[in-house]
Number of protein chains: 2
Amino acid sequence: MKILGIDPGSRVTGYGLVEHHGNSTRYLDSGCIRLPDKWKLADKLVQISNELGALIENNRPDCASIEQIFFAHNARSALILGHVRGVILLKMAETGLPIHEYPPLQVKQAVVGVGRATKDQVIHMVQILLNKRQDFKEDEADALASAITHAHLHPTLERMQGKG
Amino acid sequence: MKILGIDPGSRVTGYGLVEHHGNSTRYLDSGCIRLPDKWKLADKLVQISNELGALIENNRPDCASIEQIFFAHNARSALILGHVRGVILLKMAETGLPIHEYPPLQVKQAVVGVGRATKDQVIHMVQILLNKRQDFKEDEADALASAITHAHLHPTLERMQGKG
């Protein structure tokens with residue numbers, strides 16, 4: 001199963017692709033989609049929609065994993081982040097990708113083992129879990145963490161739903 | 001010039017179409033796109049994207065007018081509203097529609113004459129300005145108000161930019 005993890009941001013959106021079979025989760029690719037500060041918001045949204053579309057088209061993931069967000073630092077940043085996240089969910093749904101959402105605490109729990117973890121801890125554990133000593137950017141590591149979370153929780157969820 | 005006004009909402013998005021020539025602004029159409037509460041957010045976003053796409057396709061407006069939003073009541077509602085607004089801006093940009101954004105105070109100023117106006121005052125003045133005694137819904141009236149604002153301010157803006 002190929003999982004696309006996405007960490008949406010108003011300036012930088014991280015993505016990470018992993019392949020999961022049995023008990024093994026393998027790193028495939030990751031990176032960041034950057035949106036130039038000076039661009040109009042609508043142009044940024046077209047850009048992220050196109051780049052995400054190309055990612056999905058080129059890699060054909062089986063599903064997507066993204067953090068649920070319940071709050072943000074303030075209403076203004078929540079609004080801009082919402083614009084980006086809305087376009088991402090739209091593109092995933094339009095391309096028929098099943099979307100799995102996990103609360104941030106659950107992602108940290110799955111990757112670091114505790115609900116409260118620093119950014120560095122997340123990066124470190126993503127490197128270890130994927131056996132990939134790459135200097136991941138924060139957003140990239142968060143996207144991979146979302147993908148890993150789904151890889152780890154998916155079998156449990158399926159068993160609970162009687163599919164396993 | 002045919003103007004599409006949009007009032008984005010997490011549950012109901014209003015739209016309004018007006019035709020503006022010289023000093024006259026004529027009502028063409030208006031309505032609401034409703035998103036069923038029980039739907040998943042991603043499915044709601046696909047729905048609004050499709051309905052807005054059909055509206056643009058069927059009516060071929062020359063430009064779009066939408067309220068700028070700087071804040072919302074709280075971060076959670078800002079986040080959801082942001083998702084919807086992001087998808088709307090994306091669809092407008094993808095279909096090549098020039099997007100004009102006006103602060104809410106400026107819209108009320110243009111339609112009611114004062115920056116602070118009740119919902120009923122907006123509905124009432126939209127009826128008068130468009131010479132259309134229709135029982136407009138709030139979101140519909142707000143969308144028409146955005147379109148009227150652009151109709152009224154557009155010639156001034158063009159003159160200021162030396163195009164008039």
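The values are calculated or read from the model by the stated rules, or taken from the named source; none is laboratory data. Keep in mind it's a predicted model, so treat the numbers as computed, not measured. No Cβ is skipped: glycine too gets one built from the backbone with ideal geometry, and neighbour counts run over all protein chains shown. The area values use the complete protein model at the heavy-atom level, side chains included, leaving out ligands, DNA and RNA. Shrake-Rupley method; radii C 1.70, N 1.55, O 1.52, S 1.80 Å.
Below, the figures for the structure above:
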{"item": "Buried solvent-accessible surface, both chains (B, A), 1.4 Å probe, Å² to nearest 100", "result": "1900"}
{"item": "Karplus-derived HN-Hα couplings along the range A:126-133 (A = 6.51, B = -1.76, C = 1.60, θ = phi - 60°), whole Hz, x at Gly and Pro", "result": "4, 4, 5, 5, 9, 6, 9, 7"}
{"item": "Modelled FRET efficiency - R0 51 Å, B:Asp62 with A:Lys2, Cβ distances, 0.05 increments", "result": "0.75"}
{"item": "Partner chain coverage, peptide A:38-49 - average Cβ within 10 angstrom", "result": "5"}
{"item": "Helical mean residue ellipticity (222 nm; -39500 (n - 2.57) per DSSP H run of 4+; nearest 500) of chain B", "result": "-16500 deg cm²/dmol"}
{"item": "Computed FRET value (nearest 0.05) for A:Asn23 with B:Trp39, which takes r as the C-beta separation and R₀ as 30 Å", "result": "0.25"}
{"item": "Residues whose placed amide H lies under 5 Å from that of B:Leu97, excluding near-sequence neighbours", "result": "none"}
{"item": "Table column - 3J(HN,Hα) (Hz), the range B:85-92, Karplus curve with 6.51, -1.76, 1.60, x for Gly and Pro", "result": "5, x, 5, 5, 4, 4, 4, 4"}
{"item": "Per residue, in Å², the accessible surface of the protein assembly as shown once ligands and nucleic acids are set aside, probe 1.4 Å", "result": "49"}
{"item": "Exceeding the 26 Å Cα-Cα cut-off - candidates A:Lys38/B:Lys44; A:Lys2/A:Lys91; A:Lys108/B:Lys38; A:Lys40/B:Lys119; B:Lys44/B:Lys137", "result": "A:Lys38/B:Lys44; A:Lys108/B:Lys38; A:Lys40/B:Lys119"}
{"item": "GNM top mover of A:Asp37, A:Asp120, A:Asp142 - chain A, alpha-carbon springs below 10 Å", "result": "A:Asp37"}
{"item": "Rel. contact order, % - alpha carbon contacts under 8 angstrom, at least six apart, chain A", "result": "31"}
